[in-house]
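Structure, as structure tokens:
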Amino acid sequence: MPRPMPLSMPVSRILTALSATVCLAAGLAAAPASAESRPASAESRPGTLGELARKHHKYFGSATDNPEFTDAAYLLRLGSEFGQTTPGNAMKWYATEPARGVFDFTAADQVVAFAKAHRQKVRGHTLLWHNQLPAWLTEGTWSAAELRAILKNHIQKVVRHFKGQVIHWDVVNEAFNEDGTYRESLFYKTLGPGYIADALRWAHEADHHAKLYLNDYNVDGIGPKSDAYYTLIKQLKADGVPVEGFGIQGHLALQYGFPADVQQNMQRFAGLGVEVAVTELDIRMTLPATAEKLATQATWYADYVKACLAVKKCVGITIWDYTDKYSWIPSVFPGEGAALPYDENLRPKPAYYSIKEALGG
Ligand code: G3I
């Protein structure tokens, strides 16, 4: 039986200790272990999505979130099937700098330690986003000079903390509106569009090796929003700004159709000299899920994977968690869900098998 936690222990430490207990129960390591005691990585385990993708020189990963670290069965699959992970919330500004100048990496470190123990790559998500910002930042009144200093400090402290531990950073997330105009975020309103180039330069100063990405949703196919990124990245490259990747989130819904030109879109970004990653793939449907809808979903997942495989500079795919048990969809789109390749009981769905087949398994 796990020992009761002393009441004086901070919640973050209690959570870390709890998850360590659960991980041990699941035969997993929450913290880095010696090479001998580490479980085999997904990428070295024949037939896993991670291993199949690696054969194509790509990764196949899943996002995760800290509350899920108390679920041993969930962690077992997360650690054994996937070659990459992304913290779904733990690296966002509200979590990493909850008070001005006060940094807290407890939650993010927990995800990174799990990834390290399972030899998974980590994508850093995200440095600048208009959402999930701390109240001290959104409720403050800032001059342009003050905000620039706050942004620079935040970006560099976070990037330096994870230096050498993340392969990519989503430096700016969701900068554009659907029509390709700039989103009127706090950053844009106070600093103008130049905040994006500044953020990329500051991140690069802090870590020369992590690839720096711009990331957004509804940019799967060619349209006003992806065009805006195409134009921006072209300009940033021409100006010598260190932008190295375009992140296509890939939150699809059966009712809106499959983006048939996704491969063509990836290819045009590759032509600009940046890599592409599918960063948050899920494919939701109106509930209840029927065999027919699940079959269509399976085809879509496979088609998305095939598009990435066909583009050399598409470096990998991350699903936005792997099980319907922990999907963000039902709370944001009531009546919709069943978006992931594993069901709520962690059983593989048709989509799991179609992804595997598309990867050559
Ligand atoms: O932290 C509070 C907790 O204190 C409170 O008890 C609980 C009650 O609802 O809420 C917790 O906050 C939630 C947070 O996730 C952390 O779990 C928020 O309500 C919830 O809205 C938030 O949702 C996240 C969402 O981003 C916010 O927009 C999802 O988990 C996360 O998966 C999702 O991820 C985004 C990507 O970052 C960017 N692309 C879109 C994607 C889906 O929205």
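Each reported figure results from applying straightforward, stated rules to the coordinates on display, with no laboratory input. If you're wondering where the values come from, they're calculated on a predicted model, not measured in any experiment. As a convention, Cβ positions derive from the backbone with ideal geometry for all residues, glycine included, and neighbour counts pool all protein chains shown.
For the structure I just gave you, tell me whether L340 is surrounded by 15 or more Cβ atoms within 10 Å (Cβ to Cβ) and part of a loop (DSSP other than H, G, I, E, B).
Yes: the conditions hold for L340.
Scan segment 260-282 and tell me whether some residue there is farther than 20 Å from I222 by Cα and outside any strand (DSSP E or B). Checking segment 260-282: not a single residue is farther than 20 Å from I222 by Cα and outside any strand (DSSP E or B). E244 meets the conditions (1) in contact (Cβ under 8 Å) with a residue 24 or more places away in the chain; (2) within 16 Å of the ligand (Cβ to nearest atom) in every case but one. The failed one is (2). Picking from residues in segment 74-88 that are more than 16 Å from the ligand (Cβ to nearest atom) and assigned to a helix (DSSP H, G or I), the one that is surrounded by the most Cβ atoms within 10 Å (Cβ to Cβ) is G79. Do the conditions hold for W328, that is, is it within 16 Å of the ligand (Cβ to nearest atom) and within 30 Å of H204 (Cα to Cα)? The answer is no for W328.
Just to verify a result, which residue in segment 58-73, among those that are part of a loop (DSSP other than H, G, I, E, B) and touching a strand residue (DSSP E or B) at 6+ places or on another chain (Cβ under 8 Å), is farthest from the ligand (Cβ to nearest atom)?
Once the filter is applied, the top-ranked residue is K58.
Take L214 and tell me if it is of a type in the set (A, V, I, L, M, F, W, C), within 17 Å of the chain's Cα centre (by Cα) and not in a loop (DSSP other than H, G, I, E, B). Yes, satisfied. Inside segment 112-147, residues that are part of a helix (DSSP H, G or I) and within 13 Å of the ligand (Cβ to nearest atom) make up a count of 1.
Against the test of being among the aromatic types (F, W, Y) and buried (at least 17 other Cβ atoms within 10 Å of the Cβ), the options F69, F103 yield a single qualifying residue, F69. State whether one or more residues within segment 325-333 are crowded, with 19+ Cβ neighbours inside 10 Å and free of Cβ contacts under 8 Å to residues at least 40 places away in the same chain. There is no residue in segment 325-333 that is crowded, with 19+ Cβ neighbours inside 10 Å and free of Cβ contacts under 8 Å to residues at least 40 places away in the same chain. Of all the criteria given as (1) surrounded by fewer than 19 Cβ atoms within 10 Å (Cβ to Cβ); (2) of a type in the set (S, T, N, Q); (3) not in a loop (DSSP other than H, G, I, E, B), the one not satisfied by N345 is (3). M91 passes every criterion in (1) more than 15 Å from the ligand (Cβ to nearest atom); (2) in contact with a Gly (Cβ under 9 Å, 6 or more places away or on another chain) apart from (1). From the list K356, K306, K313, the one residue that fits, being under 18 Å from R77 (Cα atoms), surrounded by fewer than 24 Cβ atoms within 10 Å (Cβ to Cβ) and within 21 Å of the chain's Cα centre (by Cα), is K356.
Check F114, F162 and return the single one that is within 16 Å of the chain's Cα centre (by Cα), closer than 30 Å to Y353 by Cα, buried (at least 17 other Cβ atoms within 10 Å of the Cβ) and among the hydrophobic types (A, V, I, L, M, F, W, C).
Unique residue meeting the criteria: F114.
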